[in-house]
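Below is one structure, written out as structure tokens, with a few remarks after it.
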Amino acid sequence: MTGPRQTQRLIADEAGIAAAAELLRAGKLVALPTETVYGLAADASDDRAVASIYAAKERPSFNPLISHLPDVEAARRQGLFDAPALALAKAFWPGPLTLVVPASSSCTVCSLARAGLDSVALRVPSHPVARAVLQAAGRPIAAPSANRSGRVSPTQAEHVFADLDRRIDAVLDAGPTAVGVESSIVACLGGAPRLLRPGGVPRAALEAAIGQALVIVEEGGTAPLAPGLLASHYAPQAAVRLDAEAPRPGEAWLGFGPEPDGALPALAFNLSPSGDLTEAAANLFAAMRHLDDQRPATIAVAPIPMHGLGEAINDRLRRAAAPR
Ligand code: TXA
Ligand code: MG
């Protein structure tokens, strides 16, 4: 991937906060301090900006990302909060808690940041610098930890430079973070709330706020998951045929790069006619959803190269193609 030539260090004063917000509004990548760890931030409503997060991190797969908001009111516009979600938000926001809730009809978090799911992960951080940037940015900000994939999360600006120098536009330096582990993640999707990731808020405190025990779900665990509810990977209704040279009669077509010879079906989408993997990643989930909505029996998918974001795109496509 070709990143910016320089990663600026911004000091977290008024001017630095304004500059960070301006970069985010322009679709750039900025490492931001939060009370837990430094986050690699981008405009969560911009598929292309979100795709560049995965590229900078060299993430092998598109996990859904947490979107950060300046206050509870802004978060409530993005998601639908049931009683436990409201109780948790009241008790722990701003703070190191993330809530996974159904996306609202006015949710502006793009489908790539949600990994194509109907739910959305929301967090209102307590770090004053993070809140000031979020306020000035005026949109949800996606931010996974600002480390390269496979490395530990950064708790100082220096850690971010060590992993991401020249891959991102700026680091907003506010010194070491206070909490040092990521936020607790609780899913409130109807039924009993589930702890998806232990983190900055102790489990006992979470359970006290909702007056019930949390169901524990291990991240990446193999416990049987309720279909559609817990499935953390978007799966289309259609069968998916990978590495297709061309669509067969009746198949929908998901292309990449130059189209094959011959007529394409009416139901077709090209992820990136120019063969740009960042553009393809940005379009992937929205394109799959668009095709699947017309209920084709099969979606044939052009071969996608394995370099850069191609590995993550192919990971997601393989999951979508897995027999169910
Ligand atoms: O402390 C933190 O939470 C840090 C700081 C920067 O805020 N952020 C962070 O973000 O750790 P991230 O994007 O790396 O966390 C992503 C995790 C996923 O691995 C997944 O477990 C969960 O959030 N997640 C996000 N959206 C989800 C969804 N719709 N359903 C289930 N899990 C979701
Ligand atoms: Mg991380």
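The values are calculated or read from the model by the stated rules, or taken from the named source; none is laboratory data. Owing to the predicted nature of the structure, the values given are computational and were not obtained by experimental measurement. Because the Cβ atoms are built from the backbone with ideal geometry, glycine has one as well, and the counts that use them run over all protein chains shown.
For Arg166, the conditions (1) surrounded by fewer than 20 Cβ atoms within 10 Å (Cβ to Cβ); (2) within 12 Å of ligand 1 (Cβ to nearest atom); (3) more than 19 Å from Ala44 (Cβ to Cβ) are fulfilled apart from (2).
Those residues that are in a loop (DSSP other than H, G, I, E, B) and basic (Lys, Arg), I need them from the stretch 307-324; list them, please. The one that is in a loop (DSSP other than H, G, I, E, B) and basic (Lys, Arg): Arg324.
Within the stretch 121-160, work out how many residues are of a type outside the set (D, E, K, R) and within 13 Å of ligand 2 (Cβ to nearest atom). The total comes to 15. Where strands (runs of 3 or more DSSP E) fall wholly inside the stretch 112-198, the ranges with 2 or more residues that are within 30 Å of Ile313 (Cα to Cα) and touching a Gly at 6+ places or on another chain (Cβ under 6 Å) are 119-123. Here is a check on your reading of the model: is Ala252 outside the structural domain of Ile53 (by TED's automatic domain parsing), out of contact with any Pro (no Cβ under 6 Å at 6 or more places or on another chain) and aliphatic (A, V, I, L, M)? The answer is no for Ala252.
Condition check ((1) crowded, with 20+ Cβ neighbours inside 10 Å; (2) in contact (Cβ under 8 Å) with a residue 12 or more places away in the chain; (3) of a type outside the set (Lys, Arg)) across all residues:
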| residue | (1), (2), (3) |
| --- | --- |
| Ala89 | yes, yes, yes |
| Leu97 | yes, yes, yes |
| Val101 | yes, yes, yes |
| Gly116 | yes, yes, yes |
| Arg123 | yes, yes, no |
| Ile141 | yes, yes, yes |
| Pro154 | yes, yes, yes |
| Ala157 | yes, yes, yes |
| Ala162 | no, no, yes |
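Comparison of Leu271, Leu284 shows that the only residue that is modelled with pLDDT under 95 and either surrounded by 12 or more Cβ atoms within 10 Å (Cβ to Cβ) or closer than 14 Å to Ala321 by Cβ (or both) is Leu284. Scanning for something assigned to a helix (DSSP H, G or I), hydroxyl-bearing (Ser, Thr, Tyr) and within 16 Å of ligand 2 (Cβ to nearest atom), does the stretch 87-99 turn up at least one residue? No: the stretch 87-99 contains no residue that is assigned to a helix (DSSP H, G or I), hydroxyl-bearing (Ser, Thr, Tyr) and within 16 Å of ligand 2 (Cβ to nearest atom). The set of residues in the stretch 57-74 that are away from ligand 2 (no atom under 16 Å from the Cβ) and out of contact with any helix residue (DSSP H, G or I) (no Cβ under 7 Å at 6 or more places or on another chain) comprises Asp71, Glu73, Ala74.
Please go through the stretch 44-85 and pick out each residue that is touching a strand residue (DSSP E or B) at 6+ places or on another chain (Cβ under 8 Å) and over 23 Å from Val186 (Cα atoms). The answer is Ala49, Ser52, Ile53, Ala56, Lys57.
Residues in the stretch 22-31: is at least one under 30 Å from Glu311 (Cα atoms) and at pLDDT below 95? The answer is no; no qualifying residue exists. Would the stretch 289-300 turn up any residue that is outside the structural domain of Ala49 (by TED's automatic domain parsing), modelled with pLDDT under 85, within 21 Å of Leu65 (Cα to Cα) and not small (Gly, Ala, Ser)? Within the stretch 289-300, one or more residues are outside the structural domain of Ala49 (by TED's automatic domain parsing), modelled with pLDDT under 85, within 21 Å of Leu65 (Cα to Cα) and not small (Gly, Ala, Ser). Do we find a residue being within 15 Å of ligand 1 (Cβ to nearest atom), part of a loop (DSSP other than H, G, I, E, B) and under 22 Å from Pro128 (Cβ atoms) anywhere in the stretch 44-58? Yes, the stretch 44-58 has at least one match. Within 29 Å of Glu279 (Cα to Cα) and either assigned by TED's automatic domain parsing to the domain that holds Ile313 or under 20 Å from the mean Cα position of the chain (by Cα) (or both) - does that describe any residue in the stretch 79-92? Yes, some residue in the stretch 79-92 is within 29 Å of Glu279 (Cα to Cα) and either assigned by TED's automatic domain parsing to the domain that holds Ile313 or under 20 Å from the mean Cα position of the chain (by Cα) (or both).
Scanning the stretch 256-275 for residues that are assigned to a loop (DSSP other than H, G, I, E, B) and of a type in the set (Phe, Trp, Tyr) yields one hit, Phe256. Can you confirm whether Gly39 is within 14 Å of ligand 2 (Cβ to nearest atom) and either touching a Phe, Trp or Tyr at 6+ places or on another chain (Cβ under 7 Å) or not assigned by TED's automatic domain parsing to the domain that holds Asp276 (or both)? So Gly39 passes the test. When restricted to residues that are assigned to a loop (DSSP other than H, G, I, E, B), farther than 15 Å from Asp243 by Cα and touching a residue at least 24 places away in the same chain (Cβ under 8 Å), the stretch 276-306 contains 4.
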